[in-house]
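See structure below.
The values are calculated or read from the model by the stated rules, or taken from the named source; none is laboratory data. Being a predicted model, the structure only gives us computed values, none of them experimental. Glycine also receives a Cβ, built like all others from the backbone with ideal geometry; neighbour counts cover every protein chain displayed. Surface accessibility is based on the protein's heavy atoms, side chains included, excluding ligands, DNA and RNA. Shrake-Rupley method; radii C 1.70, N 1.55, O 1.52, S 1.80 Å.
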Amino acid sequence: MTNPTGLPGAPATGTQFTLRRGDATAVVTSLAAGLRHYDRGGVELVEGYPLDAIAPGAAGITLAPFANRVDGGLWELEGKPQQLDITEVPRNNAIHGLLRNTGYHALESSEEHVLLEAVIHPQHGYPFLARHQVRYELGADGELRVAQTLINDSARPAPFVLGAHPYFTIGGVAPEDLAITLNAGQYLTANERMIPTGTVPVTGKFDLRSGRPVPESLMDTAFTALVTDDGVARHTLSAPDGRSVGLWHDGSVSFVHVYITDDFPGRSLAVAMEPMTGPANAFNSGEGLRWLAPGESFTMNWGIDSEGI
């Protein structure tokens, strides 16, 4: 762990927490409790970025108390309009929660894990007091495990959706040679402002259950009806030689948003698979929206593993 805050040339994403176990290394940032680096045996498994940059395309950040978008940043609480800041100006939406530009502090840290926490203060658009805790841990097998917990410190129930925004890769393999497999039976249609309009069975390029080449699948789409095995779902990015990196999650995750873009710095293509407890605009649609009673907490569990690496 390093703590360069205030020093000349300090990292743009604040304190860098370096975790090591076996052949695995992960770097977690205090800004947005983000994942800036993860490798196994020197093979990069997530898209990283330089120390002097903030996360491009929200790479690796965690999301609370909402994930993805809120339409116009506007929703109603007990019949009263709540206006969030517009943080996606071109589409006039609020996006990616309220902690993207917040520094977390460490409650615990060791060579193999770190537990970070940030406070969501009552504010216009979200009049609740809550804490978001994010625990990263490297397992004995090199797997990265993440637990995100929201705690309601308010005197009344608080709505929320939790999410994360990791981009996946297999170091040394061109993005055009990768294939994506997503174990999901439905996807959400959306309008031009990326607000969901309905849920339909996967077909065509949206059917990723048997794997599909990344170049054929440029998208910004949420999937649901996720298939689990003993309560755990797994979705993968695979190389031609059989190696793969996977997103796994438990039943707390009901949606995975897939963002395949040709606009990631230094990459011809980049692939995000984003675990979320609810979809975009849940504060208005109610789909996937949960409410925490005063003093209650909720935890979303997910992680990254690999095969053949």
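Failed condition for Gly171, given (1) touching a Ser or Thr at 6+ places or on another chain (Cβ under 8 Å); (2) modelled with pLDDT of 95 or more, with all others met?
(1)
Report, ordered by the first and then the second residue, all pairs with beta carbons closer than 7 Å, sequence separation of six or more or different chains, a first member in region 13-40 that is over 15 Å from Pro56 (Cα atoms) and without any contact (Cβ under 8 Å) to a residue 40 or more places away in the chain, and a second member that is open to solvent by less than 20 Å² (accessible area, probe 1.4 Å) and not in a strand (DSSP E or B).
none
Do the conditions hold for Pro90, that is, is it open to solvent by 60 Å² or more (accessible area, probe 1.4 Å), at pLDDT 95 or above and in a strand (DSSP E or B)?
no
Which condition number in (1) open to solvent by less than 10 Å² (accessible area, probe 1.4 Å); (2) at pLDDT below 95 is the one that Thr228 fails?
(1)
Working carefully through the options Asp241, Asp250, find the one that is under 30 Å from Ala158 (Cβ atoms) and open to solvent by 20 Å² or more (accessible area, probe 1.4 Å).
Asp250
Might you check whether a residue that is touching a residue at least 12 places away in the same chain (Cβ under 8 Å), open to solvent by less than 40 Å² (accessible area, probe 1.4 Å), within 26 Å of Glu76 (Cβ to Cβ) and of a type in the set (Gly, Ala, Ser) occurs anywhere in region 285-299?
So far as region 285-299 goes, yes, one or more of its residues are touching a residue at least 12 places away in the same chain (Cβ under 8 Å), open to solvent by less than 40 Å² (accessible area, probe 1.4 Å), within 26 Å of Glu76 (Cβ to Cβ) and of a type in the set (Gly, Ala, Ser).
Return the residues of region 111-135 that are more than 30 Å from Glu76 (Cβ to Cβ) and either in contact with a Phe, Trp or Tyr (Cβ under 8 Å, 6 or more places away or on another chain) or free of Cβ contacts under 8 Å to residues at least 60 places away in the same chain (or both); say none if nothing qualifies.
His113, Val114, Leu115, Leu116, Arg135
Conditions (1) over 22 Å from the mean Cα position of the chain (by Cα); (2) open to solvent by 30 Å² or more (accessible area, probe 1.4 Å), marked per residue:
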residue	(1), (2)
Ala158	no, no
Gly163	no, no
Gly172	yes, yes
Arg193	no, yes
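Can you find a residue in region 98-119 that is of a type outside the set (A, V, I, L, M, F, W, C), in a loop (DSSP other than H, G, I, E, B), open to solvent by less than 10 Å² (accessible area, probe 1.4 Å) and under 30 Å from Gly308 (Cβ atoms)?
There is no residue in region 98-119 that is of a type outside the set (A, V, I, L, M, F, W, C), in a loop (DSSP other than H, G, I, E, B), open to solvent by less than 10 Å² (accessible area, probe 1.4 Å) and under 30 Å from Gly308 (Cβ atoms).
Check Ala140 against each of (1) open to solvent by 10 Å² or more (accessible area, probe 1.4 Å); (2) assigned to a strand (DSSP E or B) and name the one condition it does not meet.
All conditions are met except number (2).
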